[in-house]
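Below: one structure, written as structure tokens.
The values are calculated or read from the model by the stated rules, or taken from the named source; none is laboratory data. All figures in this text were calculated on a predicted structure; none of them were measured in a lab. Glycine gets a Cβ as well: all are built from the backbone with ideal geometry, and neighbour counts include every protein chain shown. SASA here: full protein model, heavy atoms, side chains in, ligands and nucleic acids out. Shrake-Rupley method; radii C 1.70, N 1.55, O 1.52, S 1.80 Å.
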Amino acid sequence: MSTIKRCMFIGFVFSVAIMMVAIVIVPSGMAADFKKEYKLQVNVGPSFYWGIGATKFADLVREKTNGQVNVKPYFGSALLKGAQLKSAQMVAKGVIDCAYESTINISPVIPEANIFHLPFFINTFENLDKMKAGQSGHAVFVAMEKVGLTPLAWAENGFRQVTNSKRPIEKPEDLKGLRIRVVGNPLFMDTFRQLGADPVNMNWGDAQTAFQQGVVDGQENPVGVLIPVQIHQYHSYATMWNYLVDPLVIYWNQKQWKAFPADIQKAIQDAAQASGRFEIALCRAGLDGDKSINVLKNEFNYTMEVPDPVKFMESKGMTVTFLKSEQVKAFADATAPVLEKWTKEIGVDLVDKARADMAR
Ligand code: X2X
């Protein structure tokens, strides 16, 4: 062999060796770029509709990333020792990777999220959907980006309904003196105080014990929480007043998100969208005719255990009250000062955007 040929041969053997090493090492090297586990903050337990949605998200992420990204839901705000209002702060800091969380719980960091919690302002799924698709929903996502969070998709807890152990709530006076558990968001305290109730704020983990022990007379939550928590064990009266809505946002720590390769971002984004669509249908099932029941059946091959939450509560002996529009108006009039005060807090501009979205 000539020297040239020998050099070429050695060169060839050397490159083949490098390629083989690359084939063996690179895939595992790429996988090592991902964390073993991405912690997902969820305030409620796995049986709540929102918890079921979080599990669906984790499953879909695993499936769509071919097992490369492992999202693990931590239910009951376990990562926050129950302090649900810290979720956005901890994800922004990167202490927690991602969250499937209520707009109520992110409001300390994203005051704009309170646009959904103005009393008697939104009232229908149609209005909510218009806001999410419109400028007001967009403004909430932009506000999240500004504090280091990447919003991926909307999900839902739902319109919040009031339940209690004392009497049917049909007019503002019926709330007088009732001790009502609310979440620690001052807008909720203001609303119930304005209605003459005696609101007390506590985290969800403590609230469940408070219902059991009868420390409070009532509370407010959507059916996706009321049914799994078996509110009928504690309260005999529910009023379906749609007084405000609690959308969820699936979001990720922004810095971490930006470091993901584009195909992984797309896979996670798709998982968030699909799980959000599924979870919104769970929370609306039985409240929007056949619409959400059909989404669950046709798109997700899923049958609800409790397809009609109102019938279910009634079957457990609860009195479920639906308000006529003039009754809703009496509550809206009574809480008008709260709407006015919080319009200033949130920003007139955003409230105007929401009104324009709803009018479309
Ligand atoms: O604390 C609540 O009431 C709950 C479970 O609905 C939220 O996390 C906002």
- Residues whose modelled amide H sits under 5 Å from the amide H of residue 286, counting only those 5 or more places away in sequence or on another chain, are 292, 293
- Which value, in debye to the nearest 20, gives the size of the charge dipole of the chain about its Cα centre, when Lys and Arg are +1 and Asp and Glu are -1 at the Cβ? 1020 debye
- Crossing angle, helix 291-300 versus the chain [Cα axis fit, 0-90 degrees, rounded to tens]: 20 degrees
- Query: Given only helices, namely DSSP H runs of n ≥ 4 each adding -39500 (n - 2.57), what is the per-residue ellipticity at 222 nm of the chain, to the nearest 500 deg cm²/dmol?
  - Reply: -15000 deg cm²/dmol
- Task: Set Lys and Arg Cβ to +1 and Asp and Glu Cβ to -1, take the dipole of the chain about its Cα centre, and tell me which of 339, 140, 309 lies farthest positive.
- Result: 140
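Within a Cβ distance under 15 Å of residue 262, other residues only, what is the Lys/Arg minus Asp/Glu net charge?
Working: positive: 64, 258, 266; negative: 33, 263, 270.
Taking every other residue near residue 262 into account, the sum is 0.
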- Task: Compute the acute angle (0 to 90°) between the alpha-carbon long axis of helix 49-64 and the principal axis of greatest extent of the alpha-carbon atoms of the chain; round to the nearest 10°.
- Result: 10 degrees
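With a cut-off of at most 14 other beta carbons within 10 Å, and DSSP calling the residue loop, which GluC sites (Glu not before Pro) in segment 304-360 qualify? Please list them. Let's see the in-between values first.
On the way: sites: 305, 314, 326, 340, 345; in loops: 305.
Of the GluC sites (Glu not before Pro), the ones in loops of segment 304-360 whose Cβ has at most 14 other Cβ atoms within 10 Å are 305.
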- Query: Ordered by residue, what ³J(HN,Hα) values in Hz, to whole numbers, does segment 123-139 give under the Karplus form 6.51 cos²θ - 1.76 cosθ + 1.60, where θ = phi - 60° and Gly and Pro are x?
  - Reply: 6, 9, 4, 4, 4, 4, 5, 5, 5, 4, 7, x, 5, 5, x, 4, 4
- Query: Got a sec to turn the phi values of segment 145-153 into Karplus ³J(HN,Hα) couplings, 6.51 cos²θ - 1.76 cosθ + 1.60 with θ = phi - 60°, whole Hz, x for Gly and Pro?
  - Reply: 4, 5, 9, x, 10, 10, x, 9, 6
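Rolling a 1.4 Å sphere over the protein heavy atoms, what is the accessible area per residue of segment 208-273, to the nearest Å²?
Details: 2270 Å² over 66 residues.
Per residue, segment 208-273 has an accessible area of 34 Å².
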- Note on the structure: Mean accessible area per residue over segment 89-183 (1.4 angstrom probe, all protein chains present, square angstrom) is 31 Å²
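Considering only protein heavy atoms and a probe of 1.4 Å, how much of the accessible area of the chain is carbon and sulfur, as a whole percent?
Working: 9090 of 16260 Å².
In the chain, the share of accessible area belonging to carbon and sulfur is 56 percent.
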